[in-house]
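Participant: Encoded as structure tokens, here's the structure I'll be asking about.
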Amino acid sequence: MDEADRKKLDALNEAKESEKALQKKDLEEVLARVSDLLLLFSGDSRLTYPVDERGEQFVLDPERKEVRVPLAFFTSYPYRESRFLFHLYTALALYPDWVRCPEGYLHRGEAFAREAGILTNAFLEKVKEAGLSDDPAYQKDIVYRYMTSELLSFFEGCDLYASFLMVFLRAPMYEDPAQKKDLAKMLLLEDLLPHEDNPTETHRDLAGLLLTREFWGENEMDNEDVKRMFREPVLGRARFLCLREELSASLLRGEPVTKRDAIIRMVLLPCFLELFRGDLQRTELSATVKLQDGEAKREAARKKRGAPSAKNMHELLQKLDEAKRQRAVAAKELLSGRRDLTSFGVTAEDQNLFAHYERLVRPEREKMKAFWKKLLGDTSREVSVPVTGVPKGTLSVEALIDRYPDLVEAERQQNYKNLLIFDTTHLQKISRVLPRFLDISFVMDSSGSMRGEKLAPARQALVICLLSLEDFAGYLSQNAAVTHEPCAVRTEVWLYGTAGTKILSFSDQGDKRAADRILSLARLDGSRGSTDDGGCLKQVMAEITPEMIREQKAGRRIRLVFVVTDGASSFPGTAKKAVEALEETGALVQGIGIGDPQDAAALAAFRYVYGDRGLYLGKDAGRLPDALLSALRENIGGVFRQYFRRSVGME
């Protein structure tokens, strides 16, 4: 290849790479646009969706918390968002079950040992008839492994059908006949439907024929035996309809794979066994045919579906199983000191979620404890205040320098009585006085736009602030004698979306407070519609009584209001008026915004509402916990220091 050809080839490769980079960018923009839909479907804000430039299938990796999205799908097929989302939804459909019940998948072969034994015995009878009982390829343990593999392949095909049913249940748009027809064409293009071209492998087609029946109808099925089986009555319904309805009901109830397998065992597995026996009768056995080829066929089927290999899947499920065991141990340890809060509507999942974030923020909490202790140390000190007009009999150096001629004259006259060179200021020790109440309101955005990458940081920020303020309140209570006056630190949490709801109240005590603190986190889930922060702030304002206002203006009560929002206020005018009304009562308001800085309308609304009292973090939602904690620290520290100076007459 000469230099000119090499340059042309390099230019061609460079153009391809450039085009590929643009396609990847387009795909990433699509994923960003549909992120809310994916979060709503999966319910897991930790999942990410990286673009896979080499892969050809949508692959879920629960260990890495990611779904790898193949660039090839975006470039090779006529792009339709409905098809694209259907693949993503299908990959996510059984994800919660993998995490919740990995042992059900790990020990599936053991659960169907009886059926594997029945098929093994039938096969060995065929081997005996062929006079191949001594053939090393047909020994019992080898045949048993083969039959187990065939059963597992059948159930994995049923898993694919179950994942499609889950998509229909969670996204009913795909039940539309036109949508189903389009999806059926896609499945044909992707070779996910059985070909039914091997009369000795009809049992392998059974799970795939569920998809054919679902998308194309019974008339498109060539296998008459399967058509008959699907029509046979089971529990008063045609077998296919019975299976579909029972699986759908199980999926809606959130039942684990073991319950789903029990339904398949009752309704569809007899058909599989019958087809297998028929295939076995039609099979001609020959010497030393490796039955391990069944594993190769299973791997090919898995690859075609975009599933991980059997080995990778087994390793993954083992890790998920071990993680589940560790969670169980941690939960048991936690439960040993946990109060029963079920009467307040708190579930075990809610408590586990709070415990997760409590462990997550432990380092920041320890740092805040040091800050509170220092602040209390400053609080407990006495200050020296100058009191004038009290002669102490000591010379004032400054006065002596200024009035030195008067001193010379006094020496001549031996009369020092009227000299103004003595210090007449006395330092009197006075104890600092704390405000009687420190009321802190957290107003958290839980609208739909908070889903995705914003939700976890918002939850983390809320938990660290609530726990830190509890620590502060405890220190104040322990040091009440030193600080000379008790100061009550009270917190409340409001969540808003289309409407505002108070979850944690100032008045909550004991178990009720512990429960509402947990529910504040659990219900911060991005499910509350639009972003009416103004309406929620008006509700906060409505609960401030005239007596509280008098105390706030007198400095006996400090009121801090922290608002976390994605910046896209639905009613910025109302929000601005509510903020101004709160400030007129003597309250201090701090807004923290997260969102896309390229969204000019959202950014303008945030700045219009909060102005100098707002901090906009933009896309960097991960900074929210530190930002809210810093705002809490600076506001409380600043208010206390300013209040101390005022209380001792230094201002």
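Participant: Could you tell me which of the residues Ala130, Ala137, Ala122 is surrounded by fewer than 19 Cβ atoms within 10 Å (Cβ to Cβ), aliphatic (A, V, I, L, M) and modelled with pLDDT of 90 or more?
Facilitator: Checking each option against the conditions leaves just Ala122.
Participant: Give the residue, chosen from Leu560, Leu617, that is in a strand (DSSP E or B), surrounded by 17 or more Cβ atoms within 10 Å (Cβ to Cβ) and modelled with pLDDT under 90.
Facilitator: Leu617
This table checks each residue for (1) closer than 21 Å to Leu169 by Cβ; (2) assigned to a helix (DSSP H, G or I); (3) at pLDDT 80 or above; (4) not assigned by TED's automatic domain parsing to the domain that holds Arg459.
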{"residue": "Gln23", "(1), (2), (3), (4)": "no, yes, yes, yes"}
{"residue": "Leu31", "(1), (2), (3), (4)": "no, yes, yes, yes"}
{"residue": "Asp36", "(1), (2), (3), (4)": "yes, yes, no, yes"}
{"residue": "Phe41", "(1), (2), (3), (4)": "yes, yes, yes, yes"}
{"residue": "Asp44", "(1), (2), (3), (4)": "yes, no, no, yes"}
{"residue": "Glu56", "(1), (2), (3), (4)": "no, no, no, yes"}
{"residue": "Glu63", "(1), (2), (3), (4)": "no, no, no, yes"}
{"residue": "Val67", "(1), (2), (3), (4)": "yes, no, yes, yes"}
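Participant: Okay, next question. So which of Gly637, Gly573, Gly622, Gly555 is surrounded by fewer than 17 Cβ atoms within 10 Å (Cβ to Cβ) and under 30 Å from Arg46 (Cβ atoms)?
Facilitator: Gly622
Participant: In segment 144-249, which helices (runs of 4 or more DSSP H) lie fully inside it and hold 2 or more residues that are closer than 23 Å to Pro78 by Cα and out of contact with any helix residue (DSSP H, G or I) (no Cβ under 7 Å at 6 or more places or on another chain)?
Facilitator: The qualifying helices (runs of 4 or more DSSP H) are 177-189.
Participant: Specify which of the listed residues (Ala370, Ala323, Ala330) is of a type outside the set (Val, Ile, Thr), at pLDDT 70 or above, assigned to a helix (DSSP H, G or I) and under 20 Å from the mean Cα position of the chain (by Cα).
Facilitator: Selected residue: Ala323, the only one of Ala370, Ala323, Ala330 that is of a type outside the set (Val, Ile, Thr), at pLDDT 70 or above, assigned to a helix (DSSP H, G or I) and under 20 Å from the mean Cα position of the chain (by Cα).
Participant: For residues that are in contact with a helix residue (DSSP H, G or I) (Cβ under 9 Å, 6 or more places away or on another chain) and either of a type in the set (Lys, Arg) or closer than 16 Å to Ala631 by Cβ (or both), tally how many sit in segment 550-566.
Facilitator: Number satisfying all stated conditions: 10.
Participant: Moving to a separate point now. Just to be sure, is Ala602 assigned by TED's automatic domain parsing to the domain that holds Pro457, of a type in the set (Gly, Ala, Ser) and either at pLDDT below 85 or in contact with a Cys (Cβ under 9 Å, 6 or more places away or on another chain) (or both)?
Facilitator: It is true that Ala602 is assigned by TED's automatic domain parsing to the domain that holds Pro457, of a type in the set (Gly, Ala, Ser) and either at pLDDT below 85 or in contact with a Cys (Cβ under 9 Å, 6 or more places away or on another chain) (or both).
Participant: Where the second residue is in a loop (DSSP other than H, G, I, E, B) and aliphatic (A, V, I, L, M) and the first is on the phi < 0 side of the Ramachandran plot and lies in segment 523-535, which pairs have Cβ atoms under 8 Å and are six or more apart or on separate chains?
Facilitator: Arg528/Ala499; Thr531/Ala568; Asp532/Ala499; Gly535/Ala499
Participant: Does any residue of segment 298-315 turn out to be in contact with a Lys or Arg (Cβ under 7 Å, 6 or more places away or on another chain), at pLDDT 80 or above and not assigned by TED's automatic domain parsing to the domain that holds Gly638?
Facilitator: The answer is no, given that none of the residues of segment 298-315 is in contact with a Lys or Arg (Cβ under 7 Å, 6 or more places away or on another chain), at pLDDT 80 or above and not assigned by TED's automatic domain parsing to the domain that holds Gly638.
Participant: Which of the residues spanning segment 581-599 are of a type in the set (Gly, Ala, Ser) and assigned to a strand (DSSP E or B)?
Facilitator: Gly591, Gly593 - these are the residues of segment 581-599 that are of a type in the set (Gly, Ala, Ser) and assigned to a strand (DSSP E or B).
Participant: Before we move on, is Thr90 over 27 Å from Glu156 (Cβ atoms) and in contact (Cβ under 8 Å) with a residue 40 or more places away in the chain?
Facilitator: The answer is no for Thr90.
Participant: Here is a further query. Quick check on this structure: which one of Phe86, Phe164 is out of contact with any Lys or Arg (no Cβ under 8 Å at 6 or more places or on another chain), at pLDDT 90 or above, crowded, with 19+ Cβ neighbours inside 10 Å and assigned by TED's automatic domain parsing to the domain that holds Glu274?
Facilitator: Selected residue: Phe164, the only one of Phe86, Phe164 that is out of contact with any Lys or Arg (no Cβ under 8 Å at 6 or more places or on another chain), at pLDDT 90 or above, crowded, with 19+ Cβ neighbours inside 10 Å and assigned by TED's automatic domain parsing to the domain that holds Glu274.
Participant: For Lys181, all conditions in the list (1) closer than 30 Å to Leu285 by Cα; (2) among the basic types (Lys, Arg); (3) exposed (fewer than 13 other Cβ atoms within 10 Å of the Cβ) hold save one; what is the number of the exception?
Facilitator: Of everything listed in (1) closer than 30 Å to Leu285 by Cα; (2) among the basic types (Lys, Arg); (3) exposed (fewer than 13 other Cβ atoms within 10 Å of the Cβ), Lys181 misses just condition (1).
The values are calculated or read from the model by the stated rules, or taken from the named source; none is laboratory data. Fair warning: this is a prediction, and the values are worked out from it, not measured in the lab. Cβ coordinates were reconstructed from backbone atoms using ideal geometry, including for glycine residues, and neighbour counts include every protein chain displayed.
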